[in-house]
Amino acid sequence: MLASFGGVISRLGRDRLFLLLAPVVLFLLVFFLFPFVTLFRISFAVNEGGSGFGEGTLFYEAGTWTLANYIQFFTDRFFTDMALFTIQFGIMVGVIATFVSYLLAYQIYRSGPLMKSVLLLAVILPKFTNIIVLMYGLLVVFGRSGLVNDFLLWTGIINEPLQMLFNLFGVLLGETIIVMPYCVLVIVAVLHSIDDALLEAAEGLGASRARAFFEVTLPLSLPAVWVSLLLAFMWGVGAFASPYLLGNADLYTLSVEVDRQVNWRLNWAMGSTIAYVLMAMIIVLMYVYSRLQRESGARS
Amino acid sequence: MKPRIRVVNLVKNFGSFTAVDDVSFDVGEGELISLLGPSGCGKTTTLRCIGGYETPTSGAIEIGGERVNDTPIHKREIGMMFQSYALFPHKTVEDNVGFALKMRGVDKAKRKEEVGKTMELVDMLGFEKRYPSQLSGGQRQRVALARAIIHHPEVLLLDEPLANLDRKLRETMRVELKLIQERVNISAILVTHDQEEALVMSDRIAVMEGGKIHQLDRPADIYNKPSTKFVANFIGETNFLEGTVTGLQNGAATVKVEGDIEIDVHAHDGLHVGSDVGVTVRPERINIGKQAAADASNVIDGRIEFVTYLGSIANYRVRSEAGPIFQVMQPIVGQQASLSEGESVSMWWSRDTGLIVD
Ligand SMILES: Nc1ncnc2c1ncn2[C@@H]1O[C@H](COP(=O)(O)OP(=O)(O)OP(=O)(O)O)[C@@H](O)[C@H]1O
Ligand SMILES: [Mg+2]
């Protein structure tokens, strides 16, 4: 196998080695770049109803280009409110997932070897299931007659089942569970990179455990917190499964609306427009974030 | 003098392995004691027990007259300097040095003043605003020292503080560290496996092996009167000969060693004819020449097998006619060693030079 690979390389010669990349490039062209460009074009197309995306419309054809979709997006309260909510949702997911992940990551960091493996496995395990299955799993646990409600009713803490799903709590819960593994892994890795001697030094100089955490561990793990915030925020902004399956119409994000435009209203043009606005939003926010981060980094 | 630190019958087990095995010693006020020994002998573990980083299996630690076995690390008045320095990378030099005062609730202005004084002491004025990553190894070391002493702790704990410096700097820093320690008159425990460092810096040295202290004495006594074979071998070079006592008269013993060589040494109490003993003779205490002086004792003839030229001293490897090999060290006068390989020579030393060890 290796030998034949070497044979190919020598036959191609150094300057034609790039030909080996051809399959990958072709794959990306066909399955990524082509749809990408096509959708971009469609977002500027006149919506004709029916099948929606102007079948047979040529890329160049005069008179089929319009800014109407974008204008509608930015002037219709329905869309602007939804965009605003999507950003708010991203921020909430970012903050909540990062906070919860930090607690869990810290627990993992402080645990003994066995407990560490168990906890890490528990964090990663949900990633082995389908996201839809995961969301429906939450129904079993948090639904009206789910485990949590049954337990609380049984203890007598509540008399009526709590409504934990199909509201903001449920959507945040679902999305947090989706992104948490990534956040936890990022934070755990950085916590473990902190030299133990630094904590020992802090304690030797008179810092209690808690004090040492705030003086040493937290500041040195801030880079992981920034990454986690960004990661969770981006997942939140692009959230689909959780708002769709665990939310209601007031909690739909732009991603859900893309699906509704394309598959329900058969308005590919509007769907594409939303997708592109969403992408632009993420790029701008990422840029702002990285600027902020660099400035705060430069100050300290 | 009242001891500042007392270690009493300290034992530390890791599972079934005993890292520190019944260690006891006192450190007087302003005294610097070294724990010296080969890798893995339990030096760091002993130090960490004193600092509170390890819980002793049994025995007691007293700091400033109080038993601190159950006192958490941050309530013990210690200053610890780590081999890696463990400076906080996200804090300026100033904030690193002032850390212990901040933890003790000292206000900012007072802190600044104290930091200034301590920085002056370690000769680092002007570096306050830098980050540790912007300092050289030697400078980091000074900052680490400043940080460890600013709060006037009862004891300064030093775990191989000079191991990360290059040779030249290490030699300068030894003396500086010792001078600063003396100036602030702080009791200190130094862990090292570098015998030179221990000899230069310590008031007393505890030579450790396998979790036990072999000997605890002033540097000169450790060198000149090693009490065990291990100590004799570990500190400096030595010729070690095993043999049996064959004669005892008015304070002198005759020991017959390998090759039926008879050596006269100073005898200590409890020795009797027939005892198996070891004799050590330091290589630099052995005289060597073409002809032994007429009244010389312990004369052994041999041939030089190898000469090691060390600049200011020559190291001769001599095979005696009776068999055993001796190391002899002589200062070089002039430019060349005075004897050369293959020459027949005599070695001799006075009765007080050799030493019986257990
Ligand atoms: N946490 C631990 N768990 C198990 N064994 C340990 C632990 N810490 C130290 N030991 C063992 O105890 C022994 C003494 O270790 P220690 O670190 O005190 O040696 P040392 O004298 O400082 O050596 P070195 O000069 O190499 O630093 C070693 O054999 C070491 O493997
Ligand atoms: Mg050590």
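The values are calculated or read from the model by the stated rules, or taken from the named source; none is laboratory data. Everything numeric in this text was worked out from a predicted model, so none of it was measured. Cβ: placed from backbone, ideal geometry, glycine included. Neighbour counts: every protein chain shown. Surface accessibility is based on the protein's heavy atoms, side chains included, excluding ligands, DNA and RNA. Shrake-Rupley method; radii C 1.70, N 1.55, O 1.52, S 1.80 Å.
Normalising by the residue count of segment B:109-204, find the relative contact order in percent from Cα pairs under 8 Å and 6+ residues apart.
Numbers: 67 pairs, mean separation 25.6, N = 96.
The value is 27 percent.
Couplings for segment A:176-183, taken from phi via the Karplus curve 6.51 cos²θ - 1.76 cosθ + 1.60 with θ = phi - 60°, read 4, 5, 5, 8, 3, x, 5, 4 Hz in order; Gly and Pro are left as x. Site pair B:THR172 and A:VAL118 shows an inter-label distance of 5.5 nm when each label is modelled 7 Å from Cα along Cα→Cβ. Note on the protein assembly as shown: with charges restricted to the Cβ of Lys and Arg (+1) and Asp and Glu (-1), its dipole about the Cα centre is near 1900 debye. Angle of helix B:137-149 to the longest C-alpha principal axis of chain B, folded into 0 to 90 degrees and rounded to 10: 70°.
Within segment A:94-164, what whole-number % of the accessible surface is contributed by carbon and sulfur, with the 1.4 Å probe and all protein chains included in the calculation? Don't skip to the end; give the middle numbers.
Working: 3390 of 4560 Å².
For segment A:94-164, the apolar C and S fraction of the accessible surface comes to 74 percent.
Which net charge results for the neighbourhood of B:MET103, defined as the other residues with beta-carbon distances under 9 angstrom from its beta-carbon, given Lys and Arg at +1 and Asp and Glu at -1?
On the way: positive: A:ARG211, B:LYS102, B:ARG104; negative: A:GLU215.
Result for the neighbourhood of B:MET103: +2.
Toward the positive end of the charge dipole of chain B, with +1 on the Cβ of Lys and Arg and -1 on the Cβ of Asp and Glu, the farthest Cα among B:VAL307, B:GLY211, B:GLY105 is that of B:GLY105. Helix B:108-121 and the longest principal axis of the Cα set of chain B meet at an angle near 20°. The modelled label-to-label distance between A:ALA22 and B:ARG67, using points 7 Å beyond Cα along the C-beta direction, is 8.4 nm. Computed over protein heavy atoms with a 1.4 Å probe, the carbon and sulfur contribution to the accessible area of chain B reaches 47%. Of the residues in segment B:90-106, those shielded by at least 50 Å² of accessible area once partner protein chains are present, compared with the chain alone at a 1.4 Å probe, are B:HIS90, B:PHE99, B:MET103.
Measuring between alpha carbons in the structure, the pairs from B:LYS108/B:LYS129; B:LYS2/B:LYS43; B:LYS43/B:LYS212; B:LYS75/B:LYS102 lying more than 18 angstrom apart are B:LYS2/B:LYS43. Residues of segment A:157-206 that bury at least 30 Å² of accessible area once all protein chains are present, compared with their chain alone (1.4 Å probe, heavy atoms only, ligands and nucleic acids left out), are A:ALA197, A:LEU198, A:GLU200, A:ALA201, A:GLU203, A:GLY204, A:LEU205, A:GLY206.
Measuring r between the beta carbons of B:GLN249 and B:VAL11 and using R0 = 25 Å, the FRET efficiency lands at 0.05. Axis angle, to the nearest 10 degrees, between helix A:2-12 and the longest C-alpha principal axis of chain A: 40 degrees.
By the scheme Lys and Arg +1, Asp and Glu -1, what is the net charge of all other residues having a beta-carbon under 10 Å from that of B:GLU237?
Within the 10 Å Cβ shell, the charges total 0.
Note on A:ARG110 and A:GLN72: their simple-model spin labels are 5.5 nm apart, each label 7 Å out from Cα toward Cβ. Excluding ligands, DNA and RNA, the accessible surface per residue across chain B is 46 Å² with a 1.4 Å probe. Please check: in the Gaussian network model of chain B (C-alpha springs, under 10 Å), which one of B:SER24, B:SER344, B:SER312 has the largest mean-square fluctuation. Looking only at B:SER24, B:SER344, B:SER312, the largest GNM fluctuation is found for B:SER312.
Find the relative contact order for chain A and round it to a whole percent, using C-alpha pairs within less than 8 Å whose residues are 6+ positions apart. Don't skip to the answer; put the middle values down first.
Values: 296 pairs, mean separation 81.6, N = 300.
It rounds to 27 percent for chain A.
What number comes out for accessible area per residue over chain A if the probe is 1.4 Å? Units Å², please.
On the way: 17230 Å² over 300 residues.
Value for chain A: 57 Å² per residue.
Counts of other chain beta carbons within 10 angstrom of each beta carbon in peptide A:120-130 average 0. Roughly how much accessible area, to the nearest 100 Å², goes out of reach of solvent when B and A pair up, both sides summed, probe 1.4 Å? Roughly 1700 Å² of accessible surface disappears when B and A pair.
Each Lys or Arg adds one and each Asp or Glu takes one away; over the other residues whose Cβ falls under 14 Å from the Cβ of B:ALA314, this sums to -4.
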